[in-house]
Amino acid sequence: MNTTDLEKEKKYNKWIVALSIIIPVAVAALFGINLRRLGFDVEPLTFLPPIYASVNGLTAIVLITAVVAIKKNNRKLHERLMKFAIGLSVAFLVMYVAYHMTSDSTKFGGEGLISYVYYFILITHILLSIVIIPFVLITYVRAITNNFERHKKIAKITFPLWLYVAVTGVIVYLMISPYYA
């Protein structure tokens, strides 16, 4: 890798840091705002959880397919699939925030060991969904700036983390779905 490629990559660092902070802070802030409790006449978007859980499942499939594509040296397909996975993650975030801004949170009703399992999965899902943001952005930037060796190194970390977040998003939904009102 030459210094020009590294300089191109470094130009994106401020955006990566900013987005890695702004996205989780915005999601947390908006998560705490319920438009209905504030007096706005909005319909609760209670139909969204199975849709955004499906988006998480589709993201997992797309991520696995993208890895298979790059292992078969199909760089163009890999690139398109990764952009699609990023788009799916953005769509998930929009739907997740919209749901929580219009609907009351659902409490998990399981008891005993299953509640420990649920909360372990939920907490690791939430924490890693925050951690994955800079990893995805750095991995993407390294690809678009043609720093493929550095891209490969971080992608080996990004992929399993992102896949875990996508799969556990589905698991969390499946575990809590019986308790939706």
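The values are calculated or read from the model by the stated rules, or taken from the named source; none is laboratory data. What you see is a predicted model; the values in this text were computed from it and never measured. Note: ideal-geometry Cβ built from the backbone for every residue, glycine included; neighbour counts use all protein chains shown.
Overview of values
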read-out: Single match in Val141, Val90 (criterion: closer than 23 Å to Pro44 by Cβ and of a type in the set (Val, Ile, Thr)); value: Val90
read-out: Restricting segment 1-59 to residues that are of a type in the set (D, E, K, R) and more than 25 Å from Lys152 (Cα to Cα), the residue that is farthest from the chain's Cα centre (by Cα); value: Asp41
read-out: Some residue of segment 35-55 being within 22 Å of Tyr140 (Cβ to Cβ) and either surrounded by 14 or more Cβ atoms within 10 Å (Cβ to Cβ) or out of contact with any Leu (no Cβ under 9 Å at 6 or more places or on another chain) (or both); value: yes
read-out: Residue match in segment 137-154 (condition: at negative phi, modelled with pLDDT under 95 and of a type in the set (Ser, Thr, Tyr)); value: yes
read-out: Cβ-Cβ under 8 Å pairs, at least 6 apart or on other chains, segment 1-20 side outside any helix (DSSP H, G or I), far side of a type in the set (S, T, N, Q) and modelled with pLDDT of 80 or more; value: Met1/Asn147; Tyr12/Thr145
read-out: Any hit, segment 36-58, residues being touching a residue at least 12 places away in the same chain (Cβ under 8 Å), farther than 22 Å from Ile176 by Cβ and assigned to a loop (DSSP other than H, G, I, E, B); value: yes
read-out: Filter result for Leu63 (part of a helix (DSSP H, G or I), touching a Leu at 6+ places or on another chain (Cβ under 7 Å), crowded, with 20+ Cβ neighbours inside 10 Å and modelled with pLDDT of 95 or more); value: yes
read-out: Matching residues, segment 70-88, being touching a residue at least 60 places away in the same chain (Cβ under 8 Å) and under 12 Å from Val136 (Cα atoms); value: Met82, Ala85
read-out: Test: Ile126 is out of contact with any Leu (no Cβ under 7 Å at 6 or more places or on another chain), among the β-branched types (Val, Ile, Thr) and within 19 Å of Ser177 (Cβ to Cβ); value: yes
